[in-house]
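**Student:** My questions all concern the structure below.
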Amino acid sequence: MNVLRTLTVLFFIMFLGCSSSGDDAPQGPIVGGPSDDIDPGSTDDGSNPDSGDPFLYNATQDLKDVADFPIGNIVSASKLASTSTENETFKGILNAEYNSITAENDMKMANMFTGQDTYDFSDGDAIVAYAKENGFRVHGHALIWHQSIPNWLNSFAGTDEEFEAQIEGYVKATVAHFAEAKDTGGNPIVTSWDVVNEYFDGSSVRSTLFSQRMGNDYHKKVFQWAREADPDVKLFYNDYNIAGEVGKRNAIIGMVNDFQTNGIPIDGIGMQMHLNHDWPTSDLPTAIQDISDTGLLVHVSELDVKVNYGDDITELTEERAAAQEVQFQRVGYYYTTIVPAAQQYGLTLWGFRDRDSWLYDGGSEWPLLYDNDFDTKIAHRGLVAGLNGENPE
Ligand code: XIL
């Protein structure tokens, strides 16, 4: 049965023409991937797959049924709690197509580390409760990221030793807290964490509050604290442009070697995969191969594909949509065929409708699998084909 199509039809019948804005899309710095400075525009033409719209297709397979590994997407506690028509539609698609979830922002430090030795896990707990009820695993994201630092910590007046004690306390308390959540079979729901996100800036260590306060080896301590708090949870290093920036990739591989030589725990690499329709090209399979060759788990952790990074179109064109379809197919294909099954941690999309994307920028970017009416774009067809092992080249 075509679940998406049924949901879409229901949506149209019940709320013809209704379109509300993203309810809780947080505003924040945009990082990851080449820069994108885009003028506002509009794309929602109200079309549907029946009209022969060249940008859409009638999906016949749900993503999680095609792949042999988990397929994820992002959630927020507020969207999961909402019973608005659009959020019920979102949850219908989430439950049909996905079996892994990542909190887009709710499990980041800025949201959970509310003051000295003080934590608020309520949003993450709500996400975990939804996962338990609906059979999802939760990928924890992200313990340490320079773009998600609470204000009080940024201006923390204590000594460097006191700063480090705060970070140690936060990491251990957070990992230990979410380790307690178990499904009905007694298995953990939060199976993994992005422990450190974007430690590198190119091939160098990024200068951040953490490196300044704790030294450039802070990442090693954080991985060790996470392991002390939970002996079983999978520990990931996560970064962008691992495909596309050879220098950064080699720095990450060097870090993994160093960790393994020195007994620092690490289980996997998250390749964010914020791509463009025409970038990277030949480096994409090379990068997946290189990361796979570490022997660690490989997670495509934040997949989206921009089609307008040069800000040269005001409406999605058939040419760009076709290129995007191929790029999604390439990611699905190379991940499926290059990464050994035992290392395939999963593939996670970073959003549902184009308008929900962190890259949406007023309407002249279309980076995701569903249009603004939750109809499946041909990009979805590309990903399905790739996951089915159909070679895009
Ligand atoms: C983004 C969210 O999607 C935005 O809502 C937020 O304003 C900023 O963070 N790399 C990451 C993600 O690791 O956490 C980022 O998510 C996107 C880039």
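The values are calculated or read from the model by the stated rules, or taken from the named source; none is laboratory data. On a predicted model such as this, the values are computed, not experimentally measured, just so you know. Glycine also receives a Cβ, built like all others from the backbone with ideal geometry; neighbour counts cover every protein chain displayed. These area figures cover heavy atoms from the full protein model, side chains too; ligands, DNA and RNA do not enter into them. Shrake-Rupley method; radii C 1.70, N 1.55, O 1.52, S 1.80 Å.
**Student:** Just give me the residues in the range 162-189 being open to solvent by less than 10 Å² (accessible area, probe 1.4 Å) and either away from the ligand (no atom under 16 Å from the Cβ) or part of a loop (DSSP other than H, G, I, E, B) (or both), in sequence order. Don't jump to the end; show me each part of the working.
**Tutor:** Filtering the range 162-189 for residues open to solvent by less than 10 Å² (accessible area, probe 1.4 Å) gives 163, 167, 170-171, 174-175, 178, 189.
The answer is PHE163, ILE167, TYR170, VAL171, VAL175, PHE178, ILE189.
Per-residue answers, yes or no, for (1) of a type in the set (D, E, K, R); (2) at positive phi; (3) out of contact with any strand residue (DSSP E or B) (no Cβ under 9 Å at 6 or more places or on another chain):
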{"residue": "ASN95", "(1), (2), (3)": "no, no, yes"}
{"residue": "THR114", "(1), (2), (3)": "no, no, yes"}
{"residue": "THR118", "(1), (2), (3)": "no, no, yes"}
{"residue": "ILE127", "(1), (2), (3)": "no, no, no"}
{"residue": "GLY135", "(1), (2), (3)": "no, yes, yes"}
{"residue": "LEU153", "(1), (2), (3)": "no, no, no"}
{"residue": "GLU162", "(1), (2), (3)": "yes, no, yes"}
{"residue": "GLN166", "(1), (2), (3)": "no, no, no"}
{"residue": "LYS172", "(1), (2), (3)": "yes, no, yes"}
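**Student:** Then there is this: Just to be sure before I move on: is PHE156 of a type in the set (Phe, Trp, Tyr), modelled with pLDDT of 95 or more, away from the ligand (no atom under 16 Å from the Cβ) and more than 30 Å from PHE69 (Cβ to Cβ) in the structure I sent?
**Tutor:** Values: of a type in the set (Phe, Trp, Tyr): yes; modelled with pLDDT of 95 or more: yes; away from the ligand (no atom under 16 Å from the Cβ): yes; more than 30 Å from PHE69 (Cβ to Cβ): yes.
Yes, satisfied.
**Student:** Continuing with this model, one more query. Can you name every residue in the range 228-256 that is touching a helix residue (DSSP H, G or I) at 6+ places or on another chain (Cβ under 7 Å), within 16 Å of the ligand (Cβ to nearest atom) and of a type in the set (Asp, Glu)?
**Tutor:** The answer is ASP239, and nothing else.
**Student:** Quick check on my filter: what residues within the range 314-369 are among the small types (Gly, Ala, Ser), over 21 Å from TYR240 (Cβ atoms) and either free of Cβ contacts under 8 Å to residues at least 40 places away in the same chain or within 13 Å of the ligand (Cβ to nearest atom) (or both)?
**Tutor:** The first filter runs over the range 314-369 and keeps only residues among the small types (Gly, Ala, Ser), leaving 321-323, 332, 341-342, 346, 351, 357, 362-364.
Filter again for over 21 Å from TYR240 (Cβ atoms), leaving 321-322, 341-342, 362-364.
The answer is ALA342, and nothing else.
**Student:** Please count how many residues of the range 190-209 are among the polar types (S, T, N, Q), touching a helix residue (DSSP H, G or I) at 6+ places or on another chain (Cβ under 8 Å) and either buried (at least 24 other Cβ atoms within 10 Å of the Cβ) or modelled with pLDDT under 95 (or both).
**Tutor:** 0
**Student:** Which of the residues spanning the range 106-134 are touching a residue at least 40 places away in the same chain (Cβ under 8 Å), open to solvent by 50 Å² or more (accessible area, probe 1.4 Å) and assigned to a loop (DSSP other than H, G, I, E, B)?
**Tutor:** Answer for the range 106-134, where residues must be touching a residue at least 40 places away in the same chain (Cβ under 8 Å), open to solvent by 50 Å² or more (accessible area, probe 1.4 Å) and assigned to a loop (DSSP other than H, G, I, E, B): GLN116, ASP117.
**Student:** Continuing with the same structure: Going by what's in this entry, would LEU143 be described as surrounded by 15 or more Cβ atoms within 10 Å (Cβ to Cβ), in contact (Cβ under 8 Å) with a residue 40 or more places away in the chain, within 18 Å of THR114 (Cα to Cα) and within 16 Å of the ligand (Cβ to nearest atom)?
**Tutor:** On the way: surrounded by 15 or more Cβ atoms within 10 Å (Cβ to Cβ): yes; in contact (Cβ under 8 Å) with a residue 40 or more places away in the chain: yes; within 18 Å of THR114 (Cα to Cα): yes; within 16 Å of the ligand (Cβ to nearest atom): yes.
Yes; evaluated as a whole, the condition is true for this residue.
This table checks each residue for (1) farther than 18 Å from ILE189 by Cα; (2) out of contact with any helix residue (DSSP H, G or I) (no Cβ under 7 Å at 6 or more places or on another chain); (3) assigned to a loop (DSSP other than H, G, I, E, B).
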| residue | (1), (2), (3) |
| --- | --- |
| ASN95 | no, no, no |
| THR102 | no, yes, no |
| VAL138 | no, no, no |
| ILE144 | yes, no, no |
| ILE149 | yes, no, yes |
| PHE156 | yes, no, yes |
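**Student:** Sticking with this structure for a sec: Filter the range 90-105 for residues that are farther than 14 Å from SER122 by Cα and either of a type outside the set (S, T, N, Q) or open to solvent by 10 Å² or more (accessible area, probe 1.4 Å) (or both) and give the result.
**Tutor:** PHE90, LYS91, GLY92, ILE93, LEU94, ASN95, ALA96, GLU97, TYR98, ASN99, ILE101, GLU104, listed by residue number.
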